[in-house]
Structures are given as C-alpha cells and as structure tokens.
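Any read-out appearing in this document is the output of simple, stated calculations on the displayed coordinates, not a laboratory observation. For clarity, every value in this text was computed on a predicted model and none was experimentally measured. Don't worry about glycine lacking a Cβ; one is built from the backbone with ideal geometry, like all the others, and counts go over all protein chains shown.
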Amino acid sequence: MRVVVIGAGVIGLSTALCIHDRYQPVLQSLDVRVYADRFTPLTNTDVAAGLWQPYLSNPSNPQETHWNQQTFDYLLSHLHSPNAADMGLALISGYNLFHEAVPDPSWKDIVLGFRKLTPRELDMFPDYSYGWFNTSLILEGKRYLQWLTERLTERGVKFSQRKVESLEEVARGGADVIINCTGVRAGELQPDPMLQPGRGQIIKVDAPWMKHFIVTHDPERGIYRSPYIIPGIREVTLGGIFQLGNWSEVNNIQDHKSIWEGCCRLEPTLKAEIVSECTGFRPVRPQVRLERERLRFGPSNTELIHNYGHGGYGLTIHWGCALEAAKLFGEVLEERKLLRMPPSHL
Amino acid sequence: MPVSGCPAQAPGCLLPAFPHGLSKEAPFTRQPQPMDTVRIAVVGAGLMGLSTAVCIPTLVPRCSVTVIADKFTPDTTSDVAAGILIPHAYPDTPVHKQKQWFRETFDHLFSIANSAEAGDAGVYLVSGWQIFRSMPTEEVPFWADVVLGFRKMTEAELKKFPQHVFGQAFTTLKCEGPVYLPWLEKRVKRSGGLMVPQRIEDLWELHPSFDIVVNCSGLGSRQLAGDSTIFPVRGQVLKVQAPWLKHFIRDGSGLTYIYPGTSNVTLGGTRQKGDWNLSPDAEISRDIFSRCCALEPSLHRACDIREKVGLRPSRPGIRLQKELLAQDSRRLPVVHHYGHGSGGFSMHWGTALEAARLVNECAQALGSPAPKSKL
C-alpha cells in the first residue's frame, strides 16, 4: 500500500503520522511518503501564532466543532509529558476583548476556566468594554512541524521535495492513495472556487514578560482584522491582518504600521525588539474539505482523500481532521480487503 | 559575596561628618544643604530600603535621602526572591493592615505593569494556580479580591494536578528584584538621593550626620536594633530556562512553587528556620527540582539550572515603628521598617508609604532648625 501525502504543513504531517500509527501495525506493508515543494520553516503553518482558538461563530459543518475538541483533548493529554516543550506545546491564558457584550462561544467548555472579564481587568483595555478570560494552548507551528518530521522520520516515512504539477503525475507514479493536504494552493491541483487565500502578516518581537494572549474582536472589520498579541515559546506574535484574495508574499509597510500601532495601543508595555516579520496565507474556505474522491487515470483507480481549507484554525483543528482522514483511509482499506485485522478503535 | 566600602567602624565610634574612606560616592558629603533640610539616612538597600527612599521625598518636604548599605542589587536578599505577589500571613499583624498594605502594593504595581515603564521596572501580570493536597481551612483568603479574577479551579483544571483536591486560579503580579531594584535606585537618585556602600555596625554611627534614620536592614536588625525576634528562614531556589511556562503554580503549603519570570523560571523552595547558611546545597536542589517536576513534568526539559539562596528576614509581625534612641544628651529618631519574611514584595509599597509617614512625623517633631511641615 503506497500512500503519498502532498503537503508538509501541519495538516500533511499530522495526517501522515496519524495514518502511519494506526495502520502500519495492521497492514502487510505500508509505504507513506510526503511530497511538498515547501517544508518547515517555509510553510504557512510556520507563520501561524499557534493559539488554539476556533472562530467565534459556529462552523457551518458541525463536525468541525468535534474535530476542534478532539484536537484540544489530544494536545492536553500531551501536556503532562516531558515532550510538551519539544512539541512546541504549552498552556497559555489570556484575554478576548470586545466592544460590546457577545454570546459565549461554542468552545467555552473545551478550553479551561472560561469566564467573563471583571471590571478591573477591563480597565486594562480602555478601548474595550467586554471580554473573556480562559486558559488554552499554544502549539507553535515551527516547533511542531519539526517534531512531526522527527516522528515521521523515525517511522521510516520518506520526504521528497518536489513541486507536484498534477494529481495524475502522482497516481501514475504508483500511489494507491493520495492525501491532498496542499492547503491554500490546492486549487493548483484541482480548481476549487470556494478556496481563497486569507493573507496574514505578523511581526515577531522579543517580549518575554508577556505571559498572556490578547485577542481583540471587531465585528465590523471581521476575524483577524483586529489586533492580536500571542506569546509563543520564546517570541511574541503581533498580528491583525486578514486580506481575502491577496496573494502578495511580500511584507507590506502599511500592514506593518497597522499591526504595530494597533498592538502598541492595546499593550503599552510593548516597546519591544522586532525579531522578524512574515506573511502567510490562511487557506480560507466556507468549510474544511475533508472527503474522498476516486481518480481514474488509465486502467487504475487511485483513491484521493482531500484534507484542506482550514482557514485560520488549522492548528486548532488539525488532529481531529487527521483522525477523520485516517478513518476515510480505513474505509479504502476495507473496500480493498487489505486489512489483516480490524483497525484499532479510535 | 563581596562587601564593598569602608572598613567597619568599632561600635560606639562616632562617624565624623566628613569621613575618610573610599566609596563610590564620598559618603555623607553632598552639596551644602539649606539649614532647614531634614537629613535622612536609610540603612539597607534591599526592597524596603529603596522603596522607602523613593516614598520619603514625596511626603517629607525639604529632605535629603542617603541610602547606606553593605549590599546593593544584585547582591541583596530581595534579588533572590521571585517577587510574586501572593501575601504571606503574619500572625502578629492585624489582617486589615495586611490587606491594606497588599492592596496599596498591588494597585501601585498594577498601574506600572500597564504602562510603558513595565519593562524597565520588571513588573508584569502573571496568571496561575495555587493548589492544595487537602482542603484548606480558608478557601477564600483575605487577599482574594485584591488580585484579579480570583476563583476556584474547575474539575477540568484540577486534572492537571492529580495529587491535589482543591485549587484557586487568579492573576497577580510579578515584580523582578534584579530589574525592579535598579529601577528604584534610579528613582532615588533622580530625586536627589545618594547611594553609599558602607557597612553600618551601630546606628549611632549616623549621628550627627543625619537627623532621622530609617532602619531597613532586615536580618541586620538583630545587631542594629537588638531585635532577637527576627530570624532567618533560609530559602533555596533554582533559576532555570523553561520559557514555555507561562503560569505560576504554587502548592498551598508554600514549599513548592514554580514562578515564570522574564528571563528565567524560579523553582522553589525551602523554609529552614534559623539557618544562616548562604551556600546552596546540592541535595536540596535535587529535591526542589524533583518536587517541581512532579507538578510540571515539562520541567524535565529545563536547562541552565542555577542555584540561589536567600535568608528571609522573618518575624511574627512586620516592624513599622518609631523609636527615639537616646544616649547621654544625644537623640536619634529611628523609624524601623523591617521583618517582612516571605511577604516582602507583596507588602513593600504599603509598608514603605507607612514608613514614610512615620518619617514625616519624626521630621515634624524635630523642631527648629527643621521646619514644621506645612501639610
């Protein structure tokens, strides 16, 4: 059984790991390879701040709520191990700020210690009048991708740097199953009018006294268009840019100013040293595309499993999606009667 | 640790107004002061000495402040402490006073933490948990409404600590000695104060160069104030690199704690009464590390581990008191401000303000040539 995962961001690597760990014990042979033109630190995952937090509004696909929960629980279970720091994983508490009262989010019982902000806490943020406090998780993209790469390498998964021009090319190369984790550029392999880039720009600073995330919301401007400050393991990410349809990979000076001024206004202690600045593209889609498709090139069938379109919540939802992709993979195996024994229970 | 400054004077020896001896700034010499300036000496340059030295000029008109100590930052006890604002209870100090001082300290540091000065002052917010292996007698301590967002931990949160049955979650402040003390020193100097590295063996050495003495000498008060009720409670800590830790964790007993800082994480600790030993003990370090890893397993990945020891200046109650020393015809008003034990950072601003008020009372009582305050 030859599996090719296209894409080496968080979705590609976690799906590869999930499939390998679940099915390698029960298959006669399982050959998993990862093809990508960009690996860490050049993927969009590397740009993400890494805060576990779904969008405020309920997803159009209720399964996504379940996948978010599965991811949180999975990460939480790893927190207690000495490996947590190696994974880029840590608990972090912080503030979500609003200009007016809003309903509680659907994920309020997933995170820890969710509550409303007290008046004295709101005094710290004079531009805002309402907010939440909760404990969540940071999963730093770059560190996590390195960790996933190490785990995959240990398991004999091969990596190949190449630009895949077509699914057909991979199918004719001998892949039995292709997992399409190409994120924001999935449209290059198969047109998808529902997929768009949600360009983001972030500034990383050295501000080690900051121990809390601060995410502001402005319903008029929309998600990620309001300043946010998210401490990582070592650096703090400042952001607040979301531009639909903008493919420019170049850091923009206006965006820089907007982020810097917005964040300094939000957090006056931020006279910090700028470490780096980068641009990334959230793979925006009305919902995640996580489904099977059968390709027919010549005489053979190649199974295709799509797993892309996670918007700005890829790290938040990744493990639930990996589990679902693995489940779909299991269906393929059953259909082809390849399983020696039933797959281990989820 | 090196003791800088002049050789020790024999007790009882009067220090001349313009003494010999080398020091960073010529001791006790300054520009000639106007006749009615109240000359104040603060003995001790730890947290109490420096914060009192900052408060005094705001309350006492026409004064000069000189801080005299054998140790300055980063060599004081205050530099070892993690500086987290979680009060320690003093059996001999009324609770309403403790709450007042804690609130004054918290509010003062809170406004610094939210200003552009926060980084320079080393003051910032930190959230976390205080956890208990058995139900505490007091589920809601006196300071619960001073810190931010105080509440009981949820069942889900307690899962992180399987050995513990109860916990409190809140947001408080951390005030980092090695950054805060230099910042206080700058403020003292900006308002005309002097720092003099010199070991004082007897408070009378300061007479007649000074009109009022403020005694912030911590454990030094055993000698300087003849106070046998103050004793060291030895604390050993580890300072480690573990930048992924963003929350404090404190066991309700106060013996085991993890306090993330700006440049390192403090792991503690010990409470060894009557132990004066300033050298770190390797066995104790292993024990501290093991206890902290039990609470936070990711600490196994911590590196660059350094050991530090501080002697908490412990006393049944904080001594904030005026005393008029008298010897023959000489009089020396003293304001005592020491004995904060484990709770120095938590109380310092409140008690410094009170000490400054006592200094002002002394200044008013001095009579001519000292002017009556117009307040």
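Between their Cα atoms, which of B:159/B:239; A:108/B:159; B:152/B:186; A:116/B:174; B:174/B:273 are more than 29 Å away from each other? Please report the intermediate quantities before stating the final value.
Numbers: B:159/B:239 27 Å; A:108/B:159 17 Å; B:152/B:186 40 Å; A:116/B:174 23 Å; B:174/B:273 25 Å.
Too far apart for the 29 Å limit: B:152/B:186.
Please sort A:228-238, A:166-176 by packing, taking for each peptide the average over its residues of neighbouring beta carbons within 10 angstrom, highest first. Working shown, then result.
Details: A:228-238: 23.6, A:166-176: 17.0.
Most protected by this proxy first, the peptides run A:228-238, A:166-176.
Return a whole-number percent for the relative contact order of chain A, with Cα pairs under 8 Å and 6 or more residues apart as the contact set. Intermediate values should be presented prior to the final figure.
Numbers: 737 pairs, mean separation 89.2, N = 346.
Rounded, it is 26 percent for chain A.
Charges only on Cβ, +1 for Lys and Arg, -1 for Asp and Glu: so what's the dipole of the range A:265-346 about the Cα centre, in debye to the nearest 20? Intermediate results must be reported in sequence, preceding the final value.
On the way: 12 positive and 10 negative charges, 40 e Å.
Value, rounded to 20: 200 debye.
Pairs of alpha-carbon atoms within less than 8 angstrom and 6+ residues apart define the contacts here; what relative contact order does the range B:92-159 have, in percent?
On the way: 21 pairs, mean separation 23.4, N = 68.
Answer for the range B:92-159 is 34 percent.
Which whole number gives the average, over all residues in B:254-262, of C-beta atoms from other chains lying within 10 Å of the residue C-beta? Working shown, then result.
Working: counts 0, 0, 0, 0, 0, 0, 3, 3, 5.
Rounded to a whole number, the mean comes out at 1.
In the Gaussian network model of chain B, springs joining C-alpha atoms below 10 Å, which of B:145, B:304, B:75 carries the largest mean-square fluctuation?
B:304
Report, largest value first, the span of the C-alpha coordinates of the range A:104-257 along each principal axis, in whole Å.
63, 36, 33
Order of B:133-142, B:89-98 by packing, highest average Cβ count within 10 Å first? Intermediate results must be reported in sequence, preceding the final value.
On the way: B:133-142: 11.9, B:89-98: 14.4.
In decreasing order of mean packing, B:133-142, B:89-98 become B:89-98, B:133-142.
Quick check for me: using +1 on Lys/Arg Cβ and -1 on Asp/Glu Cβ, what's the dipole size of the protein assembly as shown about its Cα centre, in debye to the nearest 20? Write down the numbers at each step before the final one.
Working: 76 positive and 73 negative charges, 112 e Å.
Roughly 540 debye for the protein assembly as shown.
I'd like the distance separating the alpha-carbon centroids of the range A:91-167 and the range B:102-161, in whole Å.
23
Show me B:43-50, A:50-57 ranked by packing, highest mean number of other Cβ atoms within 10 Å first.
Numbers: B:43-50: 30.0, A:50-57: 20.8.
So the peptides B:43-50, A:50-57, ranked by packing, come out B:43-50, A:50-57.
Return the sequence-ordered ³J(HN,Hα) values of the range A:66-74 in whole Hz as given by the Karplus equation 6.51 cos²θ - 1.76 cosθ + 1.60 applied to θ = phi - 60°, using x for Gly and Pro.
Taking θ as phi minus 60°, the curve returns 5, 5, 4, 4, 4, 5, 4, 5, 4 Hz for the range A:66-74.
Taking a quarter of the surface of the convex hull around the Cα atoms of chain B, what do you get in nm²? All intermediate terms of the calculation are to be shown ahead of the outcome.
Details: hull surface 76.5 nm².
Across all orientations, chain B yields a mean hull projection of 19.1 nm².
Of all DSSP beta bridges in chain B, what percent run antiparallel (nearest 5)? Provide the component values of the computation, followed by the final result.
On the way: 45 of 68 bridges.
The answer is about 65 percent antiparallel.
With the dipole of the range B:60-109 worked out from charges on the C-beta (+1 for Lys and Arg, -1 for Asp and Glu) around the Cα centre, which of B:67, B:105, B:88 lies farthest toward the positive end?
Toward the positive end, the furthest listed residue is B:105.
Could you give each residue of the range B:239-252 its phi-based ³J(HN,Hα) in whole Hz, using Karplus coefficients 6.51, -1.76, 1.60 with θ = phi - 60°, and x for Gly or Pro?
Ordered by residue, 3J(HN,Hα) equals 10, 10, 9, 7, x, 6, 7, 10, 10, 8, 9, 10, 6, x Hz.
Going Cα to Cα from residue B:189, which lysines come in below 21 Å? Please leave out same-chain ones fewer than 8 positions away.
B:24, B:71
Below 28 Å, Cα to Cα, which lysines can residue A:163 reach? Residues fewer than 8 away in the same chain don't count.
Within reach: A:142, A:327.
Just to compare against my own numbers: the Cα pair-distance distribution for the range A:127-168, 5 Å bins, whole % per bin, please.
The percentages, shortest bin first, are 5, 14, 11, 14, 14, 12, 8, 6, 7, 8, 2.
So how long is each side of the protein assembly as shown along the principal axes, counting just the alpha-carbon atoms, biggest first, in Å?
Largest first, the protein assembly as shown extends 115, 52, 46 Å along its Cα principal axes.
Under the Karplus relation 6.51 cos²θ - 1.76 cosθ + 1.60, θ = phi - 60°, what is the ordered set of whole-Hz ³J(HN,Hα) values for the range A:125-132, x standing for Gly and Pro?
10, x, 7, 10, 10, 8, x, 10
Looking at the protein assembly as shown only, what percent of DSSP beta bridges run antiparallel? Nearest 5 please. Working shown, then result.
Values: 90 of 135 bridges.
Bridges in the protein assembly as shown that DSSP calls antiparallel: roughly 65 percent.
Could you tell me what percent of the DSSP beta bridges with both partners in chain A are antiparallel, to the nearest 5? Don't skip to the end; give the middle numbers.
Working: 45 of 67 bridges.
So the antiparallel bridges amount to about 65 percent of the total.
Between the range A:227-290 and the range B:233-284, what is the separation of their alpha carbon centroids in Å?
Computed from Cα coordinates, the inter-centre distance equals 36 Å.
Between 0 and 90 degrees, rounded to the nearest ten: what's the tilt of helix B:344-365 against the longest Cα principal axis of chain B?
Helix B:344-365 sits roughly 20 degrees off the main axis of chain B.
Using +1 at the C-beta of Lys and Arg and -1 at the C-beta of Asp and Glu, which of A:131, A:194, A:251 has the Cα lying farthest in the positive direction of the dipole of chain A?
My answer, from the dipole projection, is A:194.
Relative contact order of chain B: what whole-number percent is it, with Cα pairs under 8 angstrom and at least 6 residues apart? Write down the numbers at each step before the final one.
Values: 800 pairs, mean separation 91.6, N = 375.
Relative contact order, chain B: 24 percent.
Give me the angle, in degrees from 0 to 90, between the Cα long axis of helix A:10-23 and the longest principal axis of the Cα atoms of chain A, rounded to the nearest 10.
40
Using only the alpha-carbon atoms, how far is helix A:141-154 inclined from the longest principal axis of chain A? Give it as 0 to 90 degrees, nearest 10.
With both axes taken from Cα atoms, the answer is about 20 degrees.
Could you give the size of the charge dipole of the range B:157-215 about its Cα centre, using +1 on the Cβ of each K and R and -1 on the Cβ of each D and E, expressed in debye and rounded to the nearest 20?
Working: 8 positive and 7 negative charges, 107 e Å.
Here the size comes out at about 520 debye.
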